[in-house]
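Some notes on the structure that comes next.
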Amino acid sequence: MKKKYGFLAAATLAAGLLAACGNEEGKTTSSSDKQTTAEEKMIQDQLGRDVTILGDVDHVVVGGILPYFSTWFVATNSTKEIVGMHPNSYNAASNSMLAKMSPDVLKVSTDFIQNGELNVEELMNVDPQVYFEIANDTKSIEKLDEAGISTVALQTVEVADANPVETFNSWLKVTAEIKGGDALDRADKYVDNVTNVQKEIDTKLKNVEKEDKPRVLVLHQHSDKSIVVAGQNLWGEYWVNQTGGYDIVSGEGVQGQKEVNMEQIYKWNPDIIYITNFTETQPEDLFNNKISGQDWSDVKAVQDKKVYKIPLGIYRWFPPSGDAPLMLKWMANHNQPELFDYDMNDEIKTYYKDFYNFDVTDDEVETILHPSSEAAKQ
């Protein structure tokens, strides 16, 4: 039975952001000033605004809400409707499995983003029916509203205290509400699966005490000039703490991203380091001490060879992603190897067949689990 998704609870949580958008009534114009017809649909975005969607959507543009294009795929099993995408999203897509699974994703335009800014004139060239934007980009949303483009604002870390699973679920429900039909069933299937995986992991972790959890650091961005770690109100806090680790950066109350030096790294001395796909750094760079001006050789995670690059499947696994059930299993394996022994080759193949109807090869599994540095380039 299909679940009937009404207006999102996340929209009410975001009511405080309405004033920042300069929109007291929480309304937005559609791409048409006509009265709503039987072929139109009214939905509510995550700023609580009513958005009119015209007809059966087949011209979608994804702006600064970078991971969203993969959400559209999970809901519809298609990317042919996506006609425009932010250049940073395009880079991730071109280095992801989605490029093989749904090559239409590489046919999109990125020209509407110029020097990091939205160019409405260029955007009109792809005739957008609906534009998805990150909710805190009020400047772009105002431009889109003025142009009469139906714009759906989506929240990121504001959903459930930066819970990437709940965030993706909320995006998926918005998409299912827009598309209807099979998208509702696909959303139900996904939410049920990720919920069951988290419950399974929670059950095995219920008796694990803090002192039995590895001290984990998420290296968010990194180069020879800068070390940026992830703290509270970023996705890493959830992934680490929900899979049997202890996030040492969040545990000290660090908010968001923070630039630190090697002295701080030595002080934390993490047991495990996870490297995101937002940096070109690979585990081998730390193991072999290749970073000029930084000596990682005395860090416990490096000495124990417990530095891991976060995978990239249909999208990066660190932000909200349709591969979230796999991310939970992968990280649980590393954080609590005595409790979890998921065969990630089998898990990935089974999941991609069941959810995406795609047969993944052994080589492709390795590419997912060990993404190249190219995926980080923007």
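Bear in mind that the values in this text are calculations on the coordinates, not laboratory data. Note that the structure is predicted; figures quoted are calculated from it, not measured. No Cβ is skipped: glycine too gets one built from the backbone with ideal geometry, and neighbour counts run over all protein chains shown.
Let me have the 222 nm mean residue ellipticity of the chain computed from DSSP H runs of 4+ only, each contributing -39500 (n - 2.57), with the sum over all residues rounded to the nearest 500. Write out the running numbers ahead of the final one.
Numbers: 16 runs with 139 residues, N = 378.
The helix-only estimate for the chain comes to -10000 deg cm²/dmol at 222 nm.
Taking max minus min of the alpha-carbon positions on each principal axis, the chain gives extents of 66, 44, 37 Å, largest first.
Within 10 Å, at most 15 other Cβ atoms, and a DSSP state outside H, G, I, E, B define an exposed site. Report the longest part of the chain free of exposed GluC sites (Glu not before Pro).
Details: sites that count: GLU24, GLU25, GLU39, GLU209, GLU252, GLU338.
Looking at the chain, 40-208 is the longest stretch - no exposed GluC sites (Glu not before Pro) with at most 15 other Cβ atoms within 10 Å.
For the chain, set up a GNM with springs between Cα atoms under 10 Å and report which of THR195, THR138, THR203 has the largest fluctuation. Residue with maximal mean-square fluctuation among THR195, THR138, THR203: THR203.
Percent of Cα-Cα pairs more than 17 Å apart in the range 109-256, please. It works out to 73 percent of all Cα pairs.
Extension gain, LYS107 to LYS353: 0.36 nm times the residue separation minus the Cα-Cα distance gives 86.1 nm.
Give the percent of DSSP beta bridges with both residues in the chain that are antiparallel, rounded to the nearest 5.
Values: 15 of 37 bridges.
Here the share of antiparallel DSSP bridges comes out near 40 percent.
Computed on the chain, with alpha-carbon pairs under 8 angstrom and 6+ residues apart, the relative contact order is 17 percent.
DSSP loop trypsin sites (Lys or Arg not before Pro) in the range 272-348 with at most 11 other Cβ atoms within 10 Å of their Cβ, which ones?
Hits after loop and neighbour filter: LYS305.
Considering only ASN277, ASN261, ASN345, the mean-square fluctuation computed in a Gaussian network model of the chain, springs between alpha carbons under 10 angstrom, is largest for ASN261.
Over all distinct alpha-carbon pairs, what is the Kirkwood Rh of the range 206-255 in angstrom? Present the calculation step by step, with values, prior to reporting the outcome.
Working: mean 1/r = 0.0879 Å⁻¹.
It is 11.4 Å.
To test your reading of the geometry: what angle, between 0 and 90 degrees and rounded to tens, separates the Cα axis of helix 182-205 from the longest principal axis of the chain? That works out to roughly 20 degrees.
Projecting the Cα atoms of SER78, ILE368, THR52 onto the charge dipole of the chain, computed from C-beta unit charges around the Cα centre, puts ILE368 farthest toward the positive end. Exceedance of the 29 Å cut-off in Cα-Cα distance is limited, within the set LYS107/LYS353; LYS80/LYS189; LYS139/LYS258; LYS199/LYS258, to LYS199/LYS258. What percentage of all Cα-Cα pairs in the range 252-378 are separated by more than 23 Å? Beyond 23 Å sits 39 percent of the P(r) for the range 252-378. Using the alpha carbons alone, the radius of gyration of the range 40-201 stands to its Kirkwood radius in an Rg to Rh ratio of 0.95.
When Lys and Arg each count +1 and Asp and Glu each count -1, what net charge do the other residues less than 10 Å away from THR79, Cβ to Cβ, add up to? Taking every other residue near THR79 into account, the sum is 0.
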